[in-house]
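The values are calculated or read from the model by the stated rules, or taken from the named source; none is laboratory data. What you see is a predicted model; the values in this text were computed from it and never measured. Neighbour counts run over all protein chains shown; Cβ positions are idealised from the backbone, glycine included. Just so you know, the surface numbers come from the protein's heavy atoms only, side chains and all, with ligands and any DNA or RNA stripped out. Shrake-Rupley method; radii C 1.70, N 1.55, O 1.52, S 1.80 Å.
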Amino acid sequence: MDRPQYTDKQLQDALNSFYGGSDNASNCKHIFGYNNPNHELSMLQKITATTILDYDSKLSSSSSTTTVPSIEELLQTAKEFHNTNGSILQLQHIIQGKSPSMALAAEFKRASPSKGDIAPNLNAGDQATTYYEAGACVISVLTEERWFKGSLSDLQNARLKTTTTAAANQSNGKESIIRPAILRKDFITSPYQIAEAAAYGADTILLIVATTPSNILKELINYARSIGMEPLVEVHALIELDVAIECGAKVIGVNNRNLHTFQLDLGTTDKIGSELSKRGLTFHHDNCSNGDGSEKKPQLSLCALSGMSSSHDVNRYRSVGVGMCLIGESLMRSSDPSLAIQGLCLNPTDYEASQSTAGGAYTGGTKIIKVCGITNCEDALVACRSGANLIGVIFAEKSKRKVSIEQATEIVNAVRKFGERSARVTIDSVKENSSSVVSTLVAKSHALERASIRPLVVGVFQNHPLDVVKDTVEKCGLDLVQLHGSEGMEAANSSNFGGVPALRVVDIELGNDGSSSSDKSDVAANIIKQVTSDPIAILLDTSIKGDKHGGGGTGKTFDWTIAESIQSMGLPVIIAGGLTPTNIGEAVGNVRPWGVDVAGGVEASPGVKDHNKVEMFVGGAKKAAVEASKGF
């Protein structure tokens, strides 16, 4: 459908009108760039202004071929819809009713301005049903058409399909919430859009404080409540929290992403939680489930929005008192959303069990995918979009994929921008277990999993002086180091690189004919004996006996049962050497390594990636990991 394109002046004029002019300054003090004649509109403001103009055009249309319902007609449609399909559900009641488990808002999002297409062809009803049956109690549906490729039809489809599924699943006849609440997530600036949401089956709507004058925000909150909806009110900064509280918001969502700059900071929710506590406002999710149910519930419910994808994220916000996490992109990209939701460990006891380091075989499956030998930004971004956790840049002198400081810096900056960050990622420190090196390394592997939710850049070095490595780390902004020579296990201590952790490569030596003369169990046992707690993780790679340059880049696989044996002793490992899109399914499915690493197996030529192969490799690894985990 052709949509009108607006000039910058039209967009600015639309916002100025929405803000109410200079006489409304007290209600706009929190709005970025307000009353600054030199201010350039952010993407958030452009989308909001475009939405305003689109609705102005829609509602003023006099075309005989287009019938635009009035707000009164929408309310009548909403009444009929909810009489037929079930009444509107109260968002705060749903969130608080999930305690002590974290409530999950699973999002249906076809695309976004920062990431482009995510899953443009999925069916909203089917995906929403999958989310619901896996444990989501709220389904968030993006209905914005231009940048997110959503629609009100997606919203209605999600509502009807989940209602039908929930009714079919109800068998005990008890009074309960039998379906998920449906959230219309859009750029809402008028009561008309709220009535429209209700007419298409929504239970709640999102209101964004960052672009809404406080007087209008209060009007929208009150209007939503007048038709039975409790809105989710989104804030990012403390000044926006002031506005939300003054306007009477009860469910406050903290967007960890600054929608003006698209920078992501997962600490934003922590800051808002701390501020609420300082003000004496009750919100902690744990306080919803004590006693016999007659106790007074917290005044507010706090929700974390954007940037989450793992059980580590969920647990982080659980400790802050958050009641609901909204997760979208990682579920939309997942080959098995049900398993991905299961992996979030919404119940705290599930998370505690998953983080045990008390010994025993490693059975967690493949969590880390590394694409190495990246030499340019385009290849790095393909790997990131495909879902790689680690992007490897090689500084080893012998490598055909060696990069310069300048190349590496450009790649680091591109990966940071993709991950919506502006600095090196800080990986959680781990307390040393003096009695068990393996337990310490298991804990470190969990820390790396948490940190690599957004891709990290690893610098690969081979027999470089450690001060040279440290200098390169600082110049390029590397997140991790990988030592691939004869530096020794202790060289991988993060103190050698200004606190930046290091992977330690252990070579599995093959003869010139590709065979190994050593007993596999002996090889595994010797590796366990030689590891120390200095590295953040261990990577196994193939070397050829007699190669004076050392291991790596052989294109040959070693006997993967060695990795199985090591993991059966409790140590998670990354495997490299000879992996390709063809054999990655076998490697991940049979061996279940903690991580996999590919370089030459996805190349068009040395140092140049074949983008289809990268996507096939990462996708194949993820799919095989899902299938393998079903047996555990």
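When you count, for each residue, the other Cβ atoms within 10 Å and take the mean per peptide, how do 318-324, 11-17 rank with the highest first?
Sorting 318-324, 11-17 by mean packing, highest first, produces 318-324, 11-17.
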Given an 8 Å cut-off on Cα distances and at least 6 residues of separation, report the relative contact order of segment 200-265 as a percent. 31
Rank these by accessible area, largest first, 1.4 Å probe: T212, T84. T84, T212
What size of dipole, in debye to the nearest 20, comes out for segment 288-426 about its Cα centre when the only charges are +1 on Lys and Arg C-beta atoms and -1 on Asp and Glu C-beta atoms? 420
Per the Kirkwood formula on distinct C-alpha pairs, the Rh of segment 9-73 is how many angstrom? 13.5
Rounded if a/c is under 1.5, else prolate if a/b is larger than b/c, else oblate: which is segment 412-467, with a ≥ b ≥ c the root eigenvalues of its Cα gyration tensor? oblate
I'd like the accessible area for D23, computed on protein heavy atoms only with a 1.4 Å probe and all protein chains in place. Round to 10 Å², please. 150
Residues meeting the amide H criterion for L456 (H placed from the backbone, H to H distance under 5 Å, 5 or more places apart or on another chain) are L390, I391
Using modelled backbone amide H atoms (1.01 Å from N, in-plane), which distant-in-sequence or interchain residues come within less than 5 Å of E144's amide H? G150
Using +1 at the Cβ of each Lys and Arg and -1 at the Cβ of each Asp and Glu in the chain, identify which of F418, V209, N36 lies farthest towards the dipole's positive end. V209
Segment 335-441, relative contact order in percent, only Cα pairs under 8 angstrom and at least six apart counted: 21
Provide the FRET efficiency to the nearest 0.05 for the K623-N83 pair, computing r from the beta carbons and using R0 = 51 Å. 0.70
Value of relative contact order over the chain, rounded to a whole percent, pairs C-alpha under 8 Å and six or more apart: 11
Label-point separation, S274 to S153 (7 Å along Cα→Cβ), nm: 4.8
Using the Cα centre as the reference, give the magnitude of the dipole from point charges on the C-beta atoms of the chain (Lys, Arg: +1; Asp, Glu: -1; all else neutral), rounded to the nearest 20 debye. 200
Go through segment 332-339 residue by residue and turn each phi into a ³J(HN,Hα) via Karplus (6.51, -1.76, 1.60, θ = phi - 60°); whole Hz please, and just put x for glycine and proline. 5, 8, 5, 6, 9, x, 4, 5
Among beta bridges assigned by DSSP with both residues in the chain, the antiparallel ones amount in percent, to the nearest 5, to 10
Keeping every protein chain present and rolling a 1.4 Å probe, give me the accessible area per residue for the chain in Å². 41
Looking only at segment 187-334, where both bridge partners belong to it, what percent of the DSSP beta bridges are antiparallel (to the nearest 5)? 10
What FRET efficiency comes out for the pair M43/A361, r = Cβ-Cβ distance, R0 = 41 Å, nearest 0.05? 0.30
Compare the peptides 582-589, 378-385 by average per-residue count of other Cβ atoms within 10 angstrom and give them in order, highest first. 378-385, 582-589
Would you tell me the accessible area of S99, worked out with a 1.4 angstrom probe on the heavy atoms of the protein chains, in Å² to the nearest 10? 20
Order the following by accessible area, largest value first: S22, S42, S436. Probe radius 1.4 Å; ligands, DNA and RNA are ignored. S22, S436, S42
Charge dipole magnitude, Cβ of K and R +1, D and E -1 - segment 393-483, Cα centre, debye nearest 20: 240
Under the Karplus curve 6.51 cos²θ - 1.76 cosθ + 1.60, θ = phi - 60°, whole-Hz ³J(HN,Hα) for segment 204-211, x wherever Gly or Pro sits: 7, 9, 9, 10, 9, 5, 4, 10
For segment 1-105, with +1 on Lys and Arg beta carbons and -1 on Asp and Glu, the positive-most of G97, I47, L15 along the dipole: G97
Please report the carbon-and-sulfur percent of the accessible area for segment 416-479; probe 1.4 Å, protein heavy atoms only, DNA, RNA and ligands left out. 49
Projected onto the charge dipole of segment 324-400 (unit charges on the beta-carbon of Lys, Arg, Asp and Glu, signs +1, +1, -1, -1), the Cα from C377, T363, G328 with the largest positive-side position is that of C377
Say each of S495 and T532 gets a label point 7 Å from the Cα, pointing the same way as Cα to Cβ; how far apart are those two points in nm? 1.0
Amide H contacts of K609 (H built 1.01 Å from N, under 5 Å, at least 5 apart or other chain): A604
With all protein chains present and a 1.4 Å probe, how do R592, R146, R225 order by accessible area, largest first? R225, R146, R592
A correct Karplus calculation of ³J(HN,Hα) over segment 435-448, with 6.51 cos²θ - 1.76 cosθ + 1.60, θ = phi - 60°, whole Hz and x for Gly and Pro, returns 9, 8, 4, 4, 4, 4, 5, 4, 4, 5, 5, 4, 5, 5
At a probe size of 1.4 Å, how large is the accessible area of E397, to the nearest 10 Å²? 130
